[in-house]
Amino acid sequence: MMRIKRTIKYEGDRVRGFGKEIQSVPGCERLQSCIQCGTCSGTCPLSIYMDFSPRQVVALVRADFKNEVLRSNTVWLCASCYACTVECPRLIRITDIMYALKQRAIKEGVYPRRFPIPVLAKEFYEMVRKKGRITEMLLVMKLFLKTDWLAALGSWRQGIGVMRTGRFGLRAEHIERQAELAGMMAVAGGEDGKAKEAL
Amino acid sequence: MKYSYFPGCSLKGLGRAYEESLLPVMRHLGVELAELNDWNCCGATAYMSVDESMAAVLAARNLAIAEKAGPEDLLTPCSACYLVLNKTKHNITDYPEINATVRKALAGAHLTYSGKVPVRHPLDVLINDVGLDVIKEKVVRPLKGLKVAPYYGCQIVRPYATFDDAWNPTTMDRLLATLGAEVVDYPLKTKCCGGSLTGTVPEAGLRLTYILLKEAVRRGADVIATVCPLCQFNLDAYHDQIDRRWEPARVATVYFTQLMGLAFGLPPEQLGLKRNMVAMKPLPAEPAKVKV
């Protein structure tokens with residue numbers, strides 16, 4: 001049996017209403033005003049590694065191709081440098097659209113499981129939720145454990161460098177009023193709300 | 001001159017040399033900094049990726065504590081913190097739903113936010129409040145002959161900064177020139193360093209860092225001056241990987257505040273310079289004074 005793969009989308013592959021939902025997220029209002037000029041893709045330092053360029057992502061989102069954008073590596077390769085946002089002639093905040101898509105992919109659990117970028121976002125989120133501050137080296141160690149602990153061995157020189165120069169904080173940083181922050185986060189919908197469900 | 005001070009997590013961790021040099025330099029200029037009581041992480045890029053309302057509340061707690069502390073502007077040296085705190089200010093103003101969530105969350109902790117405390121970067125304060133003339137008076141060891149590539153990175157000039165240009169910022173260039181340094185023309189000054197992708201997807205992220213280093217070397221820079229703890233780490237801590245993947249591009253990367261300290265004649269050992277993995281070379285010898 002010859003395996004075949006369809007390379008062009010049918011209209012039926014769309015998830016109606018997805019574009020409108022993203023457009024309603026703060027920062028994404030101007031989604032529909034895109035003229036597909038490609039300035040964002042041209043200015044993005046990482047677009048050459050993306051499966052869909054930023055221009056294509058904008059087109060796919062507003063055409064309701066939810067599954068395609070949420071499963072793409074594009075949103076996770078966005079480093080948040082905001083070059084596209086300041087260059088866009090239609091004043092679309094493309095970086096904010098990328099954030100809205102990242103949130104959506106995490107909430108729906110469709111991000112690549114051991115891919116280090118969403119794992120980093122989640123570990124960072126958890127550490128701040130519990131401690132109020134980030135201890136960078138602990139975060140890096142957790143990231144290695146959850147993704148590719150062999151990679152930690154490959155970075156031993158860097159680890160030694162960090163220790164030699166005294167940049168390593170062994171003490172886990174935290175704020176004093178942790179209960180205060182936890183209460184605030186619960187109000188924002190964190191503690192047992194929507195975000196936690198997804199994690 | 002007095003400011004509230006939000007160090008952020010990096011300035012207490014991998015980027016501690018930034019704080020170690022910022023504090024004595026500001027003290028030397030008569031600028032008083034009061035660290036925010038019980039500040040928390042700004043949320044950086046990670047929180048915005050997970051939950052929008054929680055990201056806003058997290059940043060707003062710091063803004064509210066700053067308001068409670070007094071009328072002083074909030075000094076924020078880390079680029080990510082500077083962007084997140086300013087972005088949150090904009091979002092609270094522009095979106096009633098975010099405003100409502102933030103208000104409700106703050107009220108539970110007996111905090112309020114009115115938006116009156118500006119969030120400012122040290123470069124802004126040094127140029128516009130302290131002034132280059134005052135800085136010039138403090139220079140006792142001009143950085144003559146030191147070629148410096150001014151690297152701003154992305155998040156202080158894009159997209160919320162009001163004190164400099166998003167495409168061709170010049171505040172650090174002018175500051176370095178005031179210190180007597182030779183400012184290298186560095187067109188990559190606002191290009192992305194790769195952020196956390198240097199560690200997570202090195203073939204893409206680390207290449208951006210490599211390009212920045214290679215260009216600084218090609219243009220003859222003795223040192224790269226930076227304003228961001230993540231840029232400093234990326235440009236300083238990955239050289240052995242860069243050597244293996246591409247070719248060596250050795251040049252030291254230091255905080256602009258460390259160069260200020262050297263020019264002010266502050267002891268180098270008190271400026272966190274030993275934290276560098278690629279050490280900065282000693283300053284070029286001062287020209288012998290000619291007796292008239």
Discussion item. Can you find, within segment B:30-52, the residue that is farthest from A:Arg133 (Cα to Cα) among those that are out of contact with any Lys or Arg (no Cβ under 9 Å at 6 or more places or on another chain) and either among the β-branched types (Val, Ile, Thr) or crowded, with 24+ Cβ neighbours inside 10 Å (or both)?
Written reply: B:Glu52
Worksheet item: Among the residues of segment B:45-97, how many are outside any helix (DSSP H, G or I), facing chain A (nearest Cβ under 7 Å) and among the hydroxyl-bearing types (Ser, Thr, Tyr)?
Response: 1
Worksheet entry | Among (1) at pLDDT below 95; (2) part of a helix (DSSP H, G or I); (3) more than 9 Å from every other protein chain (Cβ to nearest Cβ), the one test that A:Ser72 misses | (2)
Worksheet item: Can you pull out the residues in segment A:45-65 that are among the hydrophobic types (A, V, I, L, M, F, W, C), within 22 Å of B:Gly195 (Cβ to Cβ) and in a helix (DSSP H, G or I)?
Response: A:Ile48, A:Val57, A:Val58
Worksheet entry | Qualifying residues in segment B:11-29 (those that are buried (at least 22 other Cβ atoms within 10 Å of the Cβ) and in a loop (DSSP other than H, G, I, E, B)) - the one farthest from the other protein chains (Cβ to nearest Cβ) | B:Gly15
Discussion item. Take the conditions modelled with pLDDT under 95, out of contact with any Lys or Arg (no Cβ under 8 Å at 6 or more places or on another chain), at negative phi and part of a helix (DSSP H, G or I) and apply them to A:Gly42. Does it pass?
Written reply: no
Worksheet item: Which of (1) crowded, with 23+ Cβ neighbours inside 10 Å; (2) closer than 22 Å to A:Thr39 by Cβ does A:Val86 not meet, given it meets every other one?
Response: (1)
Worksheet entry | First in segment B:141-169 and on the phi > 0 side of the Ramachandran plot, second anywhere and hydroxyl-bearing (Ser, Thr, Tyr), Cβ under 9 Å, 6 or more apart | B:Gly153/B:Ser79; B:Gly153/B:Thr190; B:Gly153/B:Thr226
Worksheet entry | Selected residue (criterion: surrounded by the fewest Cβ atoms within 10 Å (Cβ to Cβ)) from residues of segment B:133-179 that are among the hydroxyl-bearing types (Ser, Thr, Tyr), under 15 Å from the mean Cα position of the chain (by Cα) and away from chain A (no Cβ under 14 Å) | B:Thr170
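The values are calculated or read from the model by the stated rules, or taken from the named source; none is laboratory data. As the structure is a prediction and not an experimental result, all values here were calculated from the model. Here the Cβ is made from the backbone with ideal geometry for all residues, glycine too, and neighbour counts use every protein chain on show.
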